[in-house]
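Reviewing the structure listed below.
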Amino acid sequence: MVSRVRTIAFEGIEAVPVDVQVMVAPGKMGMQIVGLADKAVAESRERVQAALHASGLSMPAKRVTVNLAPADLPKEGSHYDLPIALGLMAALGAIPADALAGYVVLGELSLDGTIAPVAGVLPAAIGANAQDRGLICPAACGSEAAWASAEIDVLAPRSLIAMANHFRGTQVLARPQPAVRAPAGDLPDLADIKGQESARRALEVAAAGGHNLLMVGPPGAGKSMLAQRLPSILPPLAPRELLEVSMIASIAGELAGGKLSDRRPFRAPHHSASMAAMVGGGLRARPGEVSLAHRGVLFLDELPEFTPQVLDSLRQPLETGECVIARVNHRVSYPARIQLVAAMNPCRCGMAGEPGYRCLRGPRCRSDYQARLSGPLIDRIDLRVEVPAVSAGDLIRPGRAEASAAVAARVARARAVQSERFRAAGLPEGTTNAQCSTALIETVAAPDAAGAALLSEASEKLGFSARAYHRVLKVARTLADLDGADTVGRIHLAEAISSRMAGERLAQAA
């Protein structure tokens, strides 16, 4: 007899259907798993046998063959334990043979028969809902699965015995409820920043338009403090964005207790991070820091200390909004629509350009240090701001600076204007100026006559690339949105160009 149970395999954040076929036939006693399974799946044999024994069931004195179809699709992970065990129980008559027909099943088994949590339950639930099926998952992941749809049938047992009792009708499993992570009430506030008015302005513009930002200044100037306060002025995730971000976090196993949050991701990897850790990869092609920062902020402190290969690997995600991980027999794609915020010192000693300081290495200290950044990467950064050392007068000045709440209100108004504009153009809700196509930005950010003359002159003198030209227009459009202006004026283009000029000097050094 052959019993069948539906489960899934993951390709990026997509759930691919997998058919678990269990056959009990005469022959030498044992269990064999076939179907291009990795080490974790092959070890399911031992976990399933121990869990069945702990649940009061013994393996039949026959040959058990488990086939994971399609056989040419790689199977990775421990979430195949539960579908294999339920398929074997159905083959033995411990549960009704047709009870599993309408479900997608995933979960890891402990040796005592309890069901342990696994990664990827949310995309699995969404995939099951698309197939008009229910989902059977671990109890710890039930609240995560419930987010897929209010109509999907979700069973979240704690053990194999509870699952068998439910199908027998002696114990009914209640549908789990979606769980929400409590909002963080202790986010760092911009009111803590002393001075740094130009940097605060650049941070507000970056938040309003989703622009990439680079801060350059000596040690202790407050670059990291500013970046850590960016989440406090960003708007919450829209429902569609929330689902995208949560699916990536689910695949990575970072949804604690299955609880979702509308707070935008803020990832700050150490500068020793490898390329696989940054863009994704490894044996199972897991998402990297860039994908985990999707719809949020990727903060790179001490930017030149990252290896050049890691930094250049960011060029494609910054341009296309996705990370493509290609292997000889495997190719996955993860969303990576990020806002890059970086901080660096002007030179190796960190004090180049500061009044009263003379570097012993001379101008080479600055040029050699900044040359560690490639020109194409710098060309993708919209805003660059100098962050000078804070003076004693700024530190002892009474009163606090403008709080994050006031800045966040202006950012929200600018984002609402952009969302309405791009919705009328047929783009998804939540699209920002930084994500706008070049063809559309030339229409929505068409400058007035004075602005067009200034932009033309600056492009010729500074040698703007085509990318730089359009990114200046995007920043100017954001500045106009913050001012509530319908047309991009000369003053907006002047500020956008001034924020680009320093970046062009840095690109020349690279």
Hits in the range 317-362 - residues which are of a type outside the set (A, V, I, L, M, F, W, C), under 15 Å from the mean Cα position of the chain (by Cα) and over 30 Å from Gly220 (Cβ atoms): Pro317, Thr320, Gly321, Glu322, Ser333, Tyr334, Pro335, Arg337
Scope the range 448-465; condition part of a helix (DSSP H, G or I) and not acidic (Asp, Glu); matching residues: Ala449, Ala450, Gly451, Ala452, Ala453, Leu454, Leu455, Ser456, Ala458, Ser459, Lys461, Leu462
Matching residues, the range 201-222, being within 20 Å of Val417 (Cβ to Cβ) and in a loop (DSSP other than H, G, I, E, B): Gly210, His211
Within the range 90-111, considering residues that are at pLDDT below 95 and touching a helix residue (DSSP H, G or I) at 6+ places or on another chain (Cβ under 8 Å), the one nearest to Arg331 (Cα to Cα): Leu100
Residue match in the range 334-353 (condition: in contact with a Gly (Cβ under 6 Å, 6 or more places away or on another chain), open to solvent by 30 Å² or more (accessible area, probe 1.4 Å) and modelled with pLDDT of 90 or more): yes
Inter-residue pairs, beta-carbon under 9 Å, first at pLDDT below 85 and open to solvent by 20 Å² or more (accessible area, probe 1.4 Å) and in the range 180-209, second in a helix (DSSP H, G or I) and aromatic (Phe, Trp, Tyr), 6+ apart: none
Residues being touching a helix residue (DSSP H, G or I) at 6+ places or on another chain (Cβ under 7 Å) and open to solvent by 20 Å² or more (accessible area, probe 1.4 Å) - total across the range 232-248: 3
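Can you tell me which residue in the range 448-458 is farthest from Ala206 (Cα to Cα), limited to those that are open to solvent by 10 Å² or more (accessible area, probe 1.4 Å) and touching a helix residue (DSSP H, G or I) at 6+ places or on another chain (Cβ under 6 Å)?
Ala450
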Count of residues meeting criterion [assigned to a loop (DSSP other than H, G, I, E, B) and of a type in the set (A, V, I, L, M)] in the range 40-95: 7
Where Gly169 falls short, out of the listed (1) modelled with pLDDT under 95; (2) within 28 Å of the chain's Cα centre (by Cα); (3) among the small types (Gly, Ala, Ser): (2)
Residues of the range 417-439 satisfying the condition of being closer than 19 Å to Glu244 by Cβ and acidic (Asp, Glu): Glu429
Residues located in the range 391-410, provided they are under 30 Å from Asp481 (Cβ atoms) and out of contact with any Leu (no Cβ under 7 Å at 6 or more places or on another chain): Asp394, Gly399, Arg400, Ala405, Ala406, Ala408, Ala409
Cβ pairs under 8 Å, 6+ apart, first in the range 114-133 and in contact (Cβ under 8 Å) with a residue 24 or more places away in the chain and farther than 13 Å from Val154 by Cα, second in a helix (DSSP H, G or I) and open to solvent by 20 Å² or more (accessible area, probe 1.4 Å): Ile115/Ala139; Ala116/Ala140; Pro117/Ala140; Pro123/Met247
Residue within the range 386-400 that is open to solvent by 20 Å² or more (accessible area, probe 1.4 Å) and closer than 28 Å to Gly321 by Cα present: yes
Subset of the range 354-385 [open to solvent by less than 50 Å² (accessible area, probe 1.4 Å) and without any contact (Cβ under 8 Å) to a residue 60 or more places away in the chain]: Cys359, Gly362, Cys365
Residue count for the range 249-294, restricted to those that are of a type outside the set (D, E, K, R), open to solvent by 50 Å² or more (accessible area, probe 1.4 Å) and part of a loop (DSSP other than H, G, I, E, B): 7
Count of residues meeting criterion [of a type outside the set (Ser, Thr, Tyr), part of a loop (DSSP other than H, G, I, E, B) and surrounded by fewer than 16 Cβ atoms within 10 Å (Cβ to Cβ)] in the range 159-177: 6
Output for the range 1-39, where each listed residue is of a type in the set (Gly, Ala, Ser) and more than 19 Å from Glu108 (Cα to Cα): Ser3, Gly12, Ala25, Gly27, Gly30
Cross-chain or 6+ apart pairs with Cβ under 6 Å, the range 306-325 first and under 25 Å from Thr432 (Cβ atoms), then in a helix (DSSP H, G or I) and open to solvent by 60 Å² or more (accessible area, probe 1.4 Å): Ser313/Met275
Residue in the range 172-184 that is closer than 22 Å to Gly56 by Cα and more than 23 Å from the chain's Cα centre (by Cα) present: yes
First in the range 236-254 and under 11 Å from Pro287 (Cα atoms), second anywhere and crowded, with 18+ Cβ neighbours inside 10 Å and of a type in the set (D, E, K, R), Cβ under 8 Å, 6 or more apart: Ser250/Glu144; Ile251/Arg286; Ala252/Arg286
Residue in the range 466-477 that is aromatic (Phe, Trp, Tyr), in a helix (DSSP H, G or I) and surrounded by 13 or more Cβ atoms within 10 Å (Cβ to Cβ) present: yes
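The values are calculated or read from the model by the stated rules, or taken from the named source; none is laboratory data. Being a predicted model, the structure only gives us computed values, none of them experimental. Backbone-built Cβ (ideal geometry, glycine too); neighbour counts: all protein chains shown. For the accessible areas, the whole protein counts, side chains as well, though only heavy atoms, and no ligand, DNA or RNA atoms are used. Shrake-Rupley method; radii C 1.70, N 1.55, O 1.52, S 1.80 Å.
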